[in-house]
Structures are given as structure tokens and as C-alpha cells.
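Below is one structure; the comments refer to it alone.
FYI, it's all coordinate maths here, none of it is from the lab. All figures in this text were calculated on a predicted structure; none of them were measured in a lab. So basically every Cβ, Gly included, is an ideal-geometry build from the backbone, and we count neighbours across all protein chains shown.
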Amino acid sequence: MGRPEACAALAALAQRELALVDAAAYEELPAVHARRVELIDALGGPGEGPPLSPEDRAQLQTAACVQQLAGEAMRQRRDELRRQLGQSGHARRAAAGYRASATL
């Protein structure tokens, strides 16, 4: 796979990651992350090969922006789950308190 293909594939993969996060299909994310590593490896390191074309740079910038959106969406979901868990923990403690006073 050449650099232009890897750049385009990274942009498409970022879109897929965002769609998976939006669909709460978190179990599919490890495969996305593994594929991202493969594609980044295909780009080569700094100074390897010819410079990136403007189109390749644009694809990588798109990938980075979309991946940032996916990360933010995951953080928001995590925070919402923590809030819900905190509320359920409060409800359980309150119920346990009522249960203890009912047995007196």
C-alpha cells in the first residue's frame, strides 16, 4: 500500500470510528485501532520516501480532526455513564438505608 492509499484509508477509518462511537458499537473499536496502527506504519517515518502531497496532508488532517471528534464523543459517553452509575449508587445506598430502618 502506498502513502496516498494509506492517507485515504486513515481518513475513511476515522469516519468509521466516529460512526461506531455514535452507534455505541464499542466492541468493534479494537479492530479499528489495530488497523490504524497498520496504516500509520504504512506511511513510514519522517524523512522516509517523498514528501506528502497536499492531498495526502489534507487526508491526514481530516483523519486527525474526525478522530478527535470520536475521542470527544467517547469521553462524553464515559462521563454520562459515570454520572448514571453515581446516581444508581446513590439510589442503592438510599434503598439500603430504608431497608435497614424497616427492619427495626
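Applying a DSSP loop filter and a limit of 11 other Cβ atoms within 10 Å to the GluC sites (Glu not before Pro) in region 1-80 leaves GLU48.
The average projected area of region 3-102, computed from the convex hull of its Cα atoms over all directions, is 8.0 nm². Charge tally around LEU18: other residues with Cβ under 15 Å, Lys/Arg +1 each, Asp/Glu -1 each, net +1.
Using the alpha-carbon positions of region 1-55, Rg (one decimal) and Dmax (whole number) come out as 12.8, 39 Å.
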